[in-house]
Amino acid sequence: MILSKKVILLGHFGVGKTSLIQKFVHSKFSEKYITTIGVKVDKKVVRVNGRELSLIIWDIAGENARQKVPQAYKMGAHGAIFVFDVMRPSTYENIEDDIKHMQSILPPMPFVLVGNKKDLMSEQKLNVLKKALPKNDFFFSSAKTGELVEEMFGKLAKLMTQ
């Protein structure tokens, strides 16, 4: 029997939530920016600790982190990925408050923090940014190159099955 878990992706508009999902589920990347309207749902089966786990991935329309996400989108979620854009400080300057806000509107659940678009920033600048972020446990990923995309979804899958 395959266990199913609902995952929601949250974050500001344009941070690459859709691109991360497309890379993870379909191994595709597009330079075209297509705004998500409402929600798009994808599915991928992964193996965690020798078991199959079906991830039902909800790509929720980008918002400023404090705008309302319809309650129905969040209902039944087992985990979340909060995505920010390493090239746009406005998407991570208030990350502590954004995470607290997310946790206040969602039931307690595991989440992974992801800085996307790593391929656009030098290692030196990433190291500076890393020190400025409040949470030690996060990923710098790239939907374009695929770097750490599998790992971030894998980490969340493990957290949801503990």
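For a quick check: sort Ser141, Ser122 by the number of other beta carbons within 10 angstrom, fewest at the front.
Working: Ser141 29, Ser122 8.
Placing the least packed residue first, the sequence is Ser122, Ser141.
What nm distance separates the two modelled labels at Lys44 and Ile2, each placed 7 Å from Cα along Cα→Cβ?
Between Lys44 and Ile2, the simple spin-label model gives 1.4 nm.
Search the structure for amide H atoms under 5 Å from the amide H of Val112, placed 1.01 Å from N in the peptide plane, and list their residues when 5 or more places away or on another chain.
Residues meeting the criterion, in which the H sits 1.01 Å from N, are Ala80, Ile81, Phe82.
At 0.36 nm per residue, and after removing the present C-alpha to C-alpha distance, how many nm does the segment from Ala72 to Glu96 gain when stretched out fully? Can you show the working numbers first?
Values: separation 24, 0.36 × 24 = 8.64 nm, distance 2.46 nm.
Full-extension gain reported as 6.2 nm.
How long is the gain from Gln162 to Arg88 if the chain were fully straight, where each residue apart is worth 0.36 nm and the alpha carbon distance is subtracted? Kindly include the intermediate steps, with their values, before the conclusion.
Details: separation 74, 0.36 × 74 = 26.64 nm, distance 3.35 nm.
Full extension from Gln162 to Arg88 adds 23.3 nm.
Please identify the longest segment of the chain free of exposed trypsin sites (Lys or Arg not before Pro), where exposed means a DSSP state other than H, G, I, E or B and no more than 15 other Cβ atoms within 10 Å.
Details: sites that count: Lys28, Lys32, Arg66, Lys68, Lys135.
With trypsin sites (Lys or Arg not before Pro) excluded where exposed in loops, the chain gives 69-134 as its longest stretch.
Quick check: the distance between the Cα centres of the stretch 85-162 and the stretch 13-29, to the nearest angstrom?
Taking the Cα centre of the stretch 13-29 as reference, the centre of the stretch 85-162 is 14 Å away.
By how many nm would the segment from Lys131 to Phe29 lengthen if fully extended, with 0.36 nm per residue of separation less the alpha-carbon distance?
Numbers: separation 102, 0.36 × 102 = 36.72 nm, distance 2.91 nm.
Here the segment from Lys131 to Phe29 would lengthen by 33.8 nm.
Express as a percent, rounded to the nearest 5, the fraction of DSSP beta bridges in the chain (both residues included) that run antiparallel. Mind showing how you got there, number by number?
Numbers: 10 of 30 bridges.
In the chain, DSSP labels about 35 percent of beta bridges as antiparallel.
What percent does the relative contact order of the stretch 3-160 come to when contacts are Cα pairs within less than 8 Å and at least six residues apart?
28 percent
For the stretch 144-156, just list the computed ³J(HN,Hα) in residue order, Karplus coefficients 6.51, -1.76 and 1.60, θ = phi - 60°, integers in Hz, with x standing in for Gly and Pro.
These are the phi-based 3J(HN,Hα) values: 5, 8, x, 4, 6, 5, 4, 5, 5, 5, x, 4, 5 Hz.
Readers should treat all values here as calculations from the given coordinates under stated rules, not as data from a laboratory. Quick caveat, the model's predicted, so the values are computed rather than measured. Cβ atoms come from the backbone with ideal geometry, glycine included; neighbour counts cover every protein chain shown.
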